[in-house]
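Engineer: Got a structure for you, written out below as C-alpha cells; questions coming shortly.
The values are calculated or read from the model by the stated rules, or taken from the named source; none is laboratory data. Note that the coordinates shown come from a computational prediction; the quantities given were computed from them, not determined experimentally. When we count neighbours, we look across all protein chains shown, and the Cβ atoms used for this are built from the backbone with ideal geometry, even at glycine.
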Amino acid sequence: MEFLEQTCTAKGWELLVQLVETSKPNRVLIGACLPYVYQRKLQELGRQAGLDPALMEVVDLNAEWRMRPATSPSVVSSGANGSPRLARGQSLSKAAESSAELEDNQYILRNVISTLEMGMARLKWADPEAVATIPTIQKALVIGGGIAGMTAALAIADHGFEVDLVEQKERLGGNLTWLQETLEGYPIDTLLEKTQAAMEKHPKVHVHLRTRVLNSIGDVGRFHTTIESREESMQILEHGVTILATGGMEAATSAYEYGTHPSIITQKELEQKLTDGSIDPGKLNSVVMIQCVDSREEPRNYCSRVCCATALKHALHLKEKNPELSVYILYRDMMAYGFSETYYTRARKANVIFVQYQVDEKPRVQSDKESLVVTTLEPILGKQLQIKVDLVILATGVVPNLPPGLAQTFGATVDQDGFFQEADSKWRPVDSLKEGVFACGLTHSPRNIPETIATAEAAAHRALRILARERLPAGRVVAKVRHSLCSLCERCIGVCPYKARTIDIDHEKVLVNPVMCQGCGACAAACPNGASVLKGFQEQQMFEMIDAAIG
C-alpha cells in the first residue's frame, strides 16, 4: 500500500505512473475521490505499464465522508451544498491522524476499509480476456436528401468514407426547394445550391434519386440494404452505419374552414404564392394568421417550433411590401425563442397586432363567396373582436415523414408523435437504441434549418465513431450464453432492448452480438435457467464483494 498526494493533479499522476512502472504490479487499486476523473487516465496508464485496464480499479473514498452521520463532529470542510468533504490538501492519511477529534472515527475507517476490500475483491476475479471485435464495413447509408441528409453525407464523406444517399424524389433539397429565406433574411437558394454542388462534386458521395429502401438486415458495422429505383432496378448496399434523414412536412388540416375557400391557406402555401406572384401584398387590406392549428393538443400534442418564426417572417414581409396592410396574429403562446425575440419586437414596432386566444375558446372563421370574417375574444378588452379579412393563414405545424415500417426495418422505433425515438435525450440524442442507427433533422424532431444542420453534423460524428475503426470492439461487460443450460425459450431475445440477440435455428443456439450488447443484464434477469450471464460479473466475484460490503 502506498499513499500519494492528489493523484488527480499532473504531479500526483506522474508519481503514480513512476510507482507502477517501478513495482510492476499485476493489479492496481486506487482509492481516491471522484473516480470518473481517472477513467481515461487508466487507459494511458495501462499502455505505459503494460497492464490491461480491466486489472485496474478506482474506488471512491470520499463517499464515506459524505455518508458520515450528521450528528458526528468533523474535521472536514463543507461543500457548497452543505455536504462534508475532505479539506483542500488533506489526504486520507492526514485525516486519519486527526481521527482522535472524531467521535465516529471507527465508523468512517471501517467503511473506508470495506470500500477498499470491495475493490480488491473485484480486481481479484477480474478477467483480462480480450474483448470480441467484428469487422466494419466503412461505408455509410443516408436515407433522405434534404438539408439534413446532405449535411450528414458530406460530413462523413469529408472524413474519407464512402456514403450512399437514397432519395425518393427526383431532386435533392427537401423543404429547401420551396422555402425562400430564413427569418433573418438569408436566402435559402444560396445554401441549397452550395450544398447540392458539394454533393455533385464529392467523389465519396453516391446519390440514388427516385429510389426507395425495400429491406435491410444486419447489425452495426455490417448492414445489407436492398434499394429499388423507379426503373425497378434493385441493388444491395453494404454499409456499417445508417442515418435516417427522411424529413418532415406541413401537417394537413380541415380546421377553420380550410379547403372551403381559396383565401384560407397555410403558411407554406403563402410562401409559395408570394414566390410565384399569385398573391400581391399591395392589393391586400387585412390578413389574419392563426397559430397552433391542430397543434399542442391531442392527437398532436407538441410544438413545431418553426410556426411562430414563420408567421413573424411573413408578417414582416407583408408589412414591408404594404405598410398600410393590417396584419393580425392570433396565438396561444409566441415561441420566439433565442434571438428570434428580436423579430417579435420588430413586428410589434411595425404595428403587427398580436391577440392571444385560449384553447377552450378558439377563433372562428366564417366564409362566403364574398367575404371572410374571423371572430376571436380579445383578452384585454374581454370582448369579441370581428375582423373582415382578405386572407386567413393557418400555421398547421410539422409532422415527420418517417414511415414506421422503415424505422422498424433498421431496428429503430418512433415515439407517440411519429418522430424518431432517441436512445437518451441527453447522452445519446441522435442514436437509436440499436447501435449503428442514427437520425437527424425533422425525422428526429421539429426544428429550424440551423438546428437541423446541427443534428445532421451530430449524427455524422456519432457515425464516424464507428466508421473510423476497421474492427469494432465490444464492451467489457457483455452477455454470453451457456448453451448447455439454454432451453431456447427465447425470453432473453424478447427482453433485450438493443436487439443484440438472435436465434440460430440450424444450430439451435441463441447468439449474442457482442458489439450490439450494452451489458444491461435484462437477459440474465429473465433467463429461468441461468443460461444467460454477464461477463465481468462472476458469482465468486460478487459474493466476495458482498462479504466485503457487509463486513
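Engineer: Do you know which residues across segment 189-208 are β-branched (Val, Ile, Thr) and free of Cβ contacts under 8 Å to residues at least 24 places away in the same chain?
Structural biologist: Across segment 189-208, the qualifying residue is only THR190.
Engineer: Picking from TYR337, TYR343, which residue would you name as being of a type in the set (Ser, Thr, Tyr) and buried (at least 17 other Cβ atoms within 10 Å of the Cβ)?
Structural biologist: TYR343
Engineer: Now for a separate question. Filter segment 415-470 for residues that are under 23 Å from ALA157 (Cα atoms) and hydroxyl-bearing (Ser, Thr, Tyr) and give the result.
Structural biologist: Scanning segment 415-470 gives SER432, THR443, THR452, THR455.
Engineer: A follow-up question, please. Collect the residues in segment 370-386 that are surrounded by fewer than 20 Cβ atoms within 10 Å (Cβ to Cβ) and either under 20 Å from TYR302 (Cα atoms) or not acidic (Asp, Glu) (or both), keeping them in residue-number order.
Structural biologist: SER371, VAL373, THR375, LEU377, PRO379, ILE380, LEU381, GLY382, LYS383, GLN384, LEU385, GLN386
Engineer: I would also like to ask the following. Can you tell me which residue is farthest from the chain's Cα centre (by Cα) among those in segment 233-265 that are farther than 30 Å from ARG465 by Cβ, surrounded by fewer than 21 Cβ atoms within 10 Å (Cβ to Cβ) and among the β-branched types (Val, Ile, Thr)?
Structural biologist: Among residues in segment 233-265 that are farther than 30 Å from ARG465 by Cβ, surrounded by fewer than 21 Cβ atoms within 10 Å (Cβ to Cβ) and among the β-branched types (Val, Ile, Thr), the one farthest from the chain's Cα centre (by Cα) is THR260.
Engineer: Only residues in segment 529-551 that are under 26 Å from ALA474 (Cβ atoms) and modelled with pLDDT of 85 or more count as the first member; pair them with residues that are of a type in the set (S, T, N, Q) and outside any helix (DSSP H, G or I), Cβ under 9 angstrom, at least 6 apart or cross-chain, and list the lot.
Structural biologist: From residues that are under 26 Å from ALA474 (Cβ atoms) and modelled with pLDDT of 85 or more, the pairs are ASN529/SER487; ALA531/SER484; ALA531/SER487.
Engineer: Among (1) part of a loop (DSSP other than H, G, I, E, B); (2) under 26 Å from PHE420 (Cβ atoms), which single condition is PRO203 missing?
Structural biologist: (2)
Engineer: Check TYR328, TYR344 and return the single one that is in contact (Cβ under 8 Å) with a residue 24 or more places away in the chain, over 29 Å from the mean Cα position of the chain (by Cα) and farther than 25 Å from ASP280 by Cβ.
Structural biologist: Of the residues listed, the single one that is in contact (Cβ under 8 Å) with a residue 24 or more places away in the chain, over 29 Å from the mean Cα position of the chain (by Cα) and farther than 25 Å from ASP280 by Cβ is TYR344.
Engineer: Still on this model: Having 3 or more residues that are under 16 Å from the mean Cα position of the chain (by Cα), over 26 Å from ARG332 (Cβ atoms) and outside the structural domain of CYS527 (by TED's automatic domain parsing) is the bar; report the strands (runs of 3 or more DSSP E) wholly within segment 375-487 that clear it.
Structural biologist: Those strands (runs of 3 or more DSSP E) span 437-439.
Engineer: Whether any residue in segment 477-491 is touching a Ser or Thr at 6+ places or on another chain (Cβ under 7 Å) and farther than 26 Å from THR413 by Cα is what I want to check.
Structural biologist: For segment 477-491, residues touching a Ser or Thr at 6+ places or on another chain (Cβ under 7 Å) and farther than 26 Å from THR413 by Cα: present.
Engineer: Something else about it: Here's a check for you: in segment 293-305, which residue that is of a type outside the set (A, V, I, L, M) and in contact with a strand residue (DSSP E or B) (Cβ under 7 Å, 6 or more places away or on another chain) is surrounded by the fewest Cβ atoms within 10 Å (Cβ to Cβ)?
Structural biologist: Within segment 293-305, the match that is surrounded by the fewest Cβ atoms within 10 Å (Cβ to Cβ) is ASP294.
Engineer: Filter segment 343-362 down to the residues that are of a type in the set (D, E, K, R) and outside any loop (DSSP other than H, G, I, E, B), then identify the one that is farthest from GLU184 (Cα to Cα).
Structural biologist: Looking at the filtered set, the residue picked out is GLU361.
Engineer: Report, ordered by the first and then the second residue, all pairs with beta carbons closer than 7 Å, sequence separation of six or more or different chains, a first member in segment 29-42 that is within 11 Å of LEU61 (Cβ to Cβ), and a second member that is of a type in the set (S, T, N, Q) and surrounded by 13 or more Cβ atoms within 10 Å (Cβ to Cβ).
Structural biologist: Hits for this filter: ILE30/THR7; ALA32/THR7; CYS33/ASN62.
Engineer: Quick one: would you say THR502 is at pLDDT 95 or above and either surrounded by fewer than 19 Cβ atoms within 10 Å (Cβ to Cβ) or among the hydroxyl-bearing types (Ser, Thr, Tyr) (or both)?
Structural biologist: no
Engineer: Could you tell me whether segment 392-411 includes any residue that is free of Cβ contacts under 8 Å to residues at least 60 places away in the same chain and out of contact with any strand residue (DSSP E or B) (no Cβ under 8 Å at 6 or more places or on another chain)?
Structural biologist: The answer is yes; a qualifying residue exists.
Engineer: Tell me the helices (runs of 4 or more DSSP H) entirely within segment 80-170 that contain at least 2 residues that are at pLDDT below 85, not β-branched (Val, Ile, Thr) and not assigned by TED's automatic domain parsing to the domain that holds PHE410.
Structural biologist: 92-97, 105-124
Engineer: From the list THR177, THR133, THR182, THR151, which residue is buried (at least 22 other Cβ atoms within 10 Å of the Cβ) and of a type in the set (Ser, Thr, Tyr)?
Structural biologist: Just a single option satisfies the conditions, and that option is THR151.
Engineer: A further question follows. Within segment 410-428, which residues are closer than 29 Å to ALA474 by Cα and surrounded by fewer than 19 Cβ atoms within 10 Å (Cβ to Cβ)?
Structural biologist: THR413, VAL414, ASP415, GLN421, ASP424, SER425, LYS426, TRP427, ARG428, listed by residue number.
Engineer: Sticking with this one: Would you please list the contacts, defined by Cβ atoms under 8 Å and residues six or more apart or on different chains, that run from a residue in segment 158-186 that is among the polar types (S, T, N, Q) to a residue that is surrounded by fewer than 19 Cβ atoms within 10 Å (Cβ to Cβ) and assigned to a loop (DSSP other than H, G, I, E, B)?
Structural biologist: Close Cβ pairs (under 8 Å, with a partner that is surrounded by fewer than 19 Cβ atoms within 10 Å (Cβ to Cβ) and assigned to a loop (DSSP other than H, G, I, E, B)) amount to GLN168/ARG210; THR177/ARG171; THR182/ASN448.
Engineer: Now for a separate question. For ALA63, which of the numbered conditions (1) in a helix (DSSP H, G or I); (2) under 25 Å from ALA548 (Cβ atoms); (3) at pLDDT 80 or above fails to hold?
Structural biologist: (3)
Engineer: Also, quick follow-up: Just one of (1) of a type in the set (Lys, Arg); (2) at pLDDT 90 or above; (3) out of contact with any His (no Cβ under 9 Å at 6 or more places or on another chain) trips up LYS509, so point out which.
Structural biologist: (3)
Engineer: In addition: I'd like the full set of residues that are out of contact with any helix residue (DSSP H, G or I) (no Cβ under 7 Å at 6 or more places or on another chain) and in a helix (DSSP H, G or I), limited to segment 178-190.
Structural biologist: ASP189, THR190
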